[in-house]
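Every read-out reported here was derived from the displayed coordinates using simple, explicitly stated rules and does not represent laboratory data. Small disclaimer: the values here were computed from a predicted structure and weren't measured. Glycine also receives a Cβ, built like all others from the backbone with ideal geometry; neighbour counts cover every protein chain displayed.
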Amino acid sequence: MVSKLIDKYYRTDRLPHIWCTGCGNGIVLRSIVKAIDNLGLNKDDICVVSGIGCSSRASGYLDFNTVHTTHGRALAFATGIKFSNPNLHVIVITGDGDCAAIGGNHLIHAARRNIDITTVVFNNNIYGMTGGQYSPATPTGDKGTTAPYGNIDYNFDLCELAKAAGATYVSRSTIYAANMIIKQVEEGIKNKGFSFIETLTICPTYYGRKNSKGNAVDMVTHLKDSAVNISAYEKLSEEEKANRIPIGELYKRNRPEYTEKYESMMKLF
Amino acid sequence: MADNNVVLMQGNEACVEGALIAGMKFYAGYPITPSTEIAEISASKLPKIGGKFIQMEDEIASISAVIGASLAGNKAMTATSGPGFSLKQEGIGYAIIAEVPCVIVNVQRGGPSTGLPTSPAQGDIMQARWGTHGEHSIIALCPSTVKEVLDVTIRAFNLSEKYRTPVIILMDEVVGHMREKVELPNPSKIEIYNRKKPTSSPDDYMPYKVKDGDIVPEMPSIGEGYRYHVTGLVHDEYGFPTNDSSIAEKLITRLVEKIESNLDDIVEYEEYRLADADEAIIAYGSTARSAKSAINLLREKGRKIGLFRPITIWPSPKQQIEILAKKVKRISVIEMNLGQYYLEIDRIAGKYTNVTKYGSVNGELISPDEIISFIEED
Ligand SMILES: Cc1ncc(C[n+]2csc(CCOP(=O)(O)OP(=O)(O)O)c2C)c(N)n1
């Protein structure tokens, strides 16, 4: 079953991938592919755009139209692609640093325009590719190679950010709940508008080791224990919420999509 | 041609006019003086012809969207001035290595930084050449009249499609804002070059392999069934990243050579009163206009002086400058900076003749009088 997906959607001659032992990226990637398979989309109609980082290397392994761009700019490239050819299903693969630090401006503006792009963030709480520096998603107090005494920054809630900026579908899941990722990516692709899907993944090599989080299994177990479905999360006391992360479909709204609005403007002439 | 084809227009307007004739279907930009009219006119015209206009959140986003649009099959342009040009540099490098045709207009103003926003300058000559990091070649064109802005913009699109590379148009505030009479060309009589699409089946397609007799690889649009990989990393002929040193050497050399070994096609220039000249001025853009007036006045005083005006600034017209250098006793490079293009001219001509320079950075156009006194004094 897994290998069928690989044969159908992966560039098998590009494997093995560059990711470390225990890295969670493969689970997210497989979930994206599974969602595409479930939707029965034509491979030629899909364009996967990524930035720079470990996670952004994913585009090269996939047998779609793939564009591996510059650090942080995947959404801006994707905007040009989608706006040029609105028939394409454009999926952006990005890391927490790629999307929220260097690419933060593009994230909020793509969300604001509500352009029909499905963004999947591989949030490993760290800059993986460059060897473990703290990112905007590194929890306060945690360590990175550039935060040897603990991170004094506050970390972003990426989903709240995307929601406030105007995204019309916002969800979160973890690599422990891969079926949830699949469902969310399906919904994100189906949503005619900007969809923001945060997936909590793990980086045992840099984030895990620096912060004594144990091995990959320990880290996934921790994700499982701290993630709570949004409906249950809302019933928790403030105290109980403190160490919990809400997952599930967090937000949906209806709002006309950017390229459709442009098309109707063109009809004026 | 009927008179109604002659219109009074601004340089920035002529740029959009030329772009539309060349087939521009996508514009992404961020407003900045003195280039803003290019965005405004594109915003008004593109939706009427089925084209796309988008105002992005900054210049990095603009060049990125332009590259994306070009990959998706649209001829695409962005325009800016110095501060925005700096921001676009990483994207320009991406377009070079991934071989994505696009046009970047820089209507130069005084710098560095916010500098003199509403004054002309030619301070980005070297930034156009070397602004993006890494070894590369670049095509940059420099018009000096409004009509030439139109022609050069068409040419910029053609060259970018033919060589699959970003092409920079270096205007300056004077050329951008000046109004002149322009005879609009009959679009059906203009040669338009479109990127070559693959003829092979998707199964046999090698996205970064140059076929025998071609200059660049064939380029399908995203969505046409050729599911290939585009990356800013050094890549093999299949488009995939590699650290192989021989592939890296071959790729970067090919990207440089596709431009440097086609100078005959790419280089364009004007020679003005040079036939009998024993001394020459080299000037470009709006400065060349003052240089022409200065030359006419100097000729009246009996000096045998002429102008060599590169329209293609990069790659520089090496051969022509060398021939000129062997013929004249002095070349004076006049520009609105303190000697940027002078460096290039001196490099080429310095061993054959005396190369001198005159420049200013005060935000004023260099006047014919200034040029005359420089030539007479020195
Ligand atoms: C303009 C620019 N700045 C910095 C870098 C170096 N760099 C490459 S990847 C990266 C961070 C990636 O972190 P993230 O986006 O979280 O992805 P991950 O590697 O963790 O998947 C950085 C800083 C770069 N490639 N380009």
Run the helix sum for chain A: -39,500 (n - 2.57) per DSSP H stretch of 4+ residues, divided by residue count, reported at 222 nm to the nearest 500 deg cm²/dmol. -10000 deg cm²/dmol
Please state the shape class of the range B:34-105: rounded when a/c is under 1.5, otherwise prolate if a/b exceeds b/c and oblate if not, all from the C-alpha gyration tensor. oblate
The protein assembly as shown - share of DSSP beta bridges that are antiparallel (%, nearest 5): 25
Check each of the GluC sites (Glu not before Pro) in the range A:209-260 and keep only those in coil by DSSP with at most 12 other C-beta atoms within 10 angstrom; list them in order. A:Glu234
Inter-chain Cβ neighbour average for residues B:4-12, partner chain, 10 Å: 0
Provide the per-residue ³J(HN,Hα) series for the range B:106-117, in order, calculated from phi with Karplus coefficients 6.51, -1.76, 1.60 and θ = phi - 60°, each as a whole number of Hz, with x at glycine and proline positions. 10, 8, 5, 10, x, x, x, 6, 5, x, 10, x
Loop chymotrypsin sites (Phe, Trp or Tyr not before Pro), the range A:154-218, which have at most 13 other Cβ atoms in a 10 Å radius of their Cβ (DSSP): A:Tyr154
Treating only the Cβ of Lys, Arg, Asp and Glu as charged (+1, +1, -1, -1), what charge dipole size does the protein assembly as shown show about its Cα centre? Round to the nearest 20 debye. 960
When the charge dipole of the range B:269-377 is computed with +1 at the Cβ of Lys and Arg and -1 at the Cβ of Asp and Glu, the Cα pointing farthest to the positive end, of B:Asn362, B:Ala280, B:Ile372, is that of B:Ala280
Taking +1 at the Cβ of each Lys and Arg and -1 at the Cβ of each Asp and Glu, which of B:Val107, A:Ser135, B:Ile96 sits farthest along the dipole of the protein assembly as shown towards its positive end, judged by Cα position relative to the Cα centre? A:Ser135
Under 1.5 on a/c is rounded, so check that first for chain A, then, if it is not, pick prolate when a/b is larger than b/c and oblate when it is not; a ≥ b ≥ c are the square roots of the alpha carbon gyration tensor eigenvalues. prolate
Relative contact order for the range B:112-243, counting Cα pairs under 8 Å that sit 6 or more residues apart, in percent: 19
Suppose a student asked you for the relative contact order of chain B, using Cα pairs under 8 Å spaced at least 6 residues apart; what percent would you report? 16
If the only charges are +1 at each Lys and Arg Cβ and -1 at each Asp and Glu Cβ, what is the size of the charge dipole of the range A:93-237 around the Cα centre, to the nearest 20 debye? 80
What share of the DSSP beta bridges in the range A:24-266 is antiparallel, in percent to the nearest 5? 15
What is the mean number of Cβ atoms from other protein chains located within 10 Å of the Cβ atom of each residue in peptide B:254-266, rounded to a whole number? 0
Part-to-part distance (alpha-carbon centres) for the range B:100-117 and the range B:300-378, which is given in Å: 23
Enumerate by residue number the trypsin sites (Lys or Arg not before Pro) in the range A:228-269 meeting two conditions: DSSP loop (anything except H, G, I, E, B), and at most 10 other Cβ atoms within 10 Å of the site's Cβ. A:Lys235, A:Lys267
Chain A: angle of helix A:216-226 to the longest principal axis, Cα-based, in degrees nearest 10: 80
For chain B, what are Rg and Dmax over the alpha carbons, in angstrom? 20.9, 70
If you put +1 on each Lys and Arg Cβ and -1 on each Asp and Glu Cβ, how big is the dipole of the range B:269-377 around its Cα centre, in Debye rounded to 20? 380
Between A:Ala76, A:Gly24, A:Phe122, whose Cα lies farthest towards the positive end of the dipole of the range A:23-135 when Lys and Arg beta carbons carry +1 and Asp and Glu beta carbons carry -1, centred on the Cα centre? A:Ala76
Just list whichever of B:Lys88/B:Lys162; A:Lys252/B:Lys45; A:Lys163/A:Lys192; A:Lys190/A:Lys235; B:Lys88/B:Lys197; B:Lys326/B:Lys357 have alpha carbons separated by over 24 Å in the model shown. A:Lys252/B:Lys45; A:Lys190/A:Lys235; B:Lys88/B:Lys197
Taking the reciprocal of mean 1/r across every pair of different Cα atoms in the protein assembly as shown, the Kirkwood radius in Å is 26.4
Count the DSSP beta bridges whose two residues both fall in the range B:1-159, then state the antiparallel fraction as a percent rounded to the nearest 5. 15
In terms of the Cα gyration tensor, with a ≥ b ≥ c the square roots of its eigenvalues, is the range B:5-189 rounded because a/c is under 1.5, prolate because a/b exceeds b/c, or oblate? rounded
Tabulate in residue order the Karplus-calculated ³J(HN,Hα) for the range B:166-176, using 6.51 cos²θ - 1.76 cosθ + 1.60 with θ = phi - 60°, rounded to whole Hz; enter x for Gly and Pro. x, 10, 9, 10, 9, 9, 9, 3, 5, 5, x
